[in-house]
Amino acid sequence: MAATLLATATAAYLVGTVRVRRSGGHWSRRSTALYLSVGLGSFATVSFGVLGVHSADLRWAFTTRIALLLVVVPAAIAAGRPLALLREASGERGRRRLDRVLASRIVRLFGNAMFATLFSAAVFTLFLTPLAGTARTSPAIEDALTVVVPLVGLLIVLPIAEDAAARSSLFITVEFLLAFVELIIDAIPGIVLRITPAVLDHAPRVAALAPWWPSPLRDQQLAGDLLWFIAEVADVPILIVLGIRWARSDRREARGYDELSDEQLAELTRQHLRGPRTPEDD
């Protein structure tokens, strides 16, 4: 399943670059290189490396793989600007459809940094339940997670990374505050996994395949350590992106004020000083 997804993602991106060039446009080779090496390279490493091979046998491998597929791999793919490529490769009608999709409620919800922080924390909390053991030991669920988790991560990361929706500086300030709160919230599942003296996923013990194979409890503690680390590190790019978005929003609002005439600015100032109207004012 991972190989199929990797081949499909590679082919779709390359077809997009060819369509842009045929239409007379230009697409950065740097973006293509970042998408293939950093973006899809990280997906291949997670899926076919140690984490993918031992995901069904080791709690820490499964937990780390899902966390990376949700927050790190989508951020790496976003470095290749696939959303911008889709916009460039689409015709005028395709761009209008894309704009409608980006303006839909579901995309605006997932592309909201406030929702992204809470959603990640909710997913990480599932590692504290027997559902983690069921998902880890079921090949069908493992295959489904390989596809669904990175796609959901892209749905969260791409609108944020490419600033697909315009936000006011006040809204972004609120997002900043909640992102800082998430630094604490995201740490909780990892800490619980680390300090709990009982195995939480109730999955059957797998016979040791190597001398370094950990006991079930030590396996869970390693999962907690790695989940805690990934959750905290993954918040840093979001904070950086929010900072960039705030700067862009501030410049956009400042440009809007600069375009006002002296009379319009004076009227806006009077309305601001006057405050909201009350029934007595009418």
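The values are calculated or read from the model by the stated rules, or taken from the named source; none is laboratory data. Predicted model, so just to flag it, every value in this text is computed and none were measured. Glycine also receives a Cβ, built like all others from the backbone with ideal geometry; neighbour counts cover every protein chain displayed. In case anyone asks, the SASA skips ligands and DNA or RNA and just uses the protein heavy atoms, side chains included. Shrake-Rupley method; radii C 1.70, N 1.55, O 1.52, S 1.80 Å.
Of all residues in the range 105-131, which are open to solvent by less than 60 Å² (accessible area, probe 1.4 Å) and of a type in the set (Ser, Thr, Tyr)?
117, 120, 129
Taken over the range 217-249, residues that are hydrophobic (A, V, I, L, M, F, W, C), open to solvent by less than 30 Å² (accessible area, probe 1.4 Å) and at pLDDT below 80 amount to 2.
Only a single item in (1) closer than 18 Å to residue 155 by Cα; (2) free of Cβ contacts under 8 Å to residues at least 40 places away in the same chain; (3) open to solvent by 40 Å² or more (accessible area, probe 1.4 Å) is not met by residue 98, and it is number (3).
Here is the figure for the range 93-126: residues that are aliphatic (A, V, I, L, M) and not in a helix (DSSP H, G or I) total 1. When the criteria are applied in full, residue 33 meets the requirement of being in a helix (DSSP H, G or I), surrounded by fewer than 19 Cβ atoms within 10 Å (Cβ to Cβ) and either at pLDDT 90 or above or on the phi > 0 side of the Ramachandran plot (or both).
Yes/no matrix, rows are residues, columns are (1) over 21 Å from residue 233 (Cα atoms); (2) at pLDDT 90 or above; (3) open to solvent by less than 70 Å² (accessible area, probe 1.4 Å); (4) in a helix (DSSP H, G or I):
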{"site": "133", "(1), (2), (3), (4)": "yes, no, yes, yes"}
{"site": "144", "(1), (2), (3), (4)": "yes, yes, yes, yes"}
{"site": "149", "(1), (2), (3), (4)": "no, yes, yes, yes"}
{"site": "153", "(1), (2), (3), (4)": "no, no, yes, yes"}
{"site": "158", "(1), (2), (3), (4)": "no, no, yes, yes"}
{"site": "164", "(1), (2), (3), (4)": "yes, no, yes, no"}
{"site": "183", "(1), (2), (3), (4)": "no, no, yes, yes"}
{"site": "189", "(1), (2), (3), (4)": "no, no, yes, yes"}
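Scanning the range 14-29 for residues that are open to solvent by less than 60 Å² (accessible area, probe 1.4 Å) and touching a residue at least 60 places away in the same chain (Cβ under 8 Å) yields 16, 17, 20, 25, 27.
Residue-by-condition table, conditions (1) assigned to a helix (DSSP H, G or I); (2) among the polar types (S, T, N, Q); (3) free of Cβ contacts under 8 Å to residues at least 12 places away in the same chain:
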{"position": "10", "(1), (2), (3)": "yes, yes, no"}
{"position": "52", "(1), (2), (3)": "yes, no, no"}
{"position": "69", "(1), (2), (3)": "yes, no, no"}
{"position": "80", "(1), (2), (3)": "no, no, no"}
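Residues in the range 192-216 that are closer than 14 Å to residue 63 by Cβ and open to solvent by 60 Å² or more (accessible area, probe 1.4 Å): 194 alone.
Mind checking which residues of the range 7-35 are within 14 Å of residue 84 (Cβ to Cβ) and β-branched (Val, Ile, Thr)? Those that are within 14 Å of residue 84 (Cβ to Cβ) and β-branched (Val, Ile, Thr): 17, 20, 32. Just to be sure before I move on: is residue 42 within 18 Å of residue 148 (Cβ to Cβ) and either buried (at least 19 other Cβ atoms within 10 Å of the Cβ) or modelled with pLDDT of 90 or more (or both) in the structure I sent? So residue 42 passes the test. Being within 18 Å of the chain's Cα centre (by Cα), open to solvent by less than 40 Å² (accessible area, probe 1.4 Å) and either of a type in the set (A, V, I, L, M, F, W, C) or closer than 25 Å to residue 141 by Cα (or both) is a property that residue 9 has.
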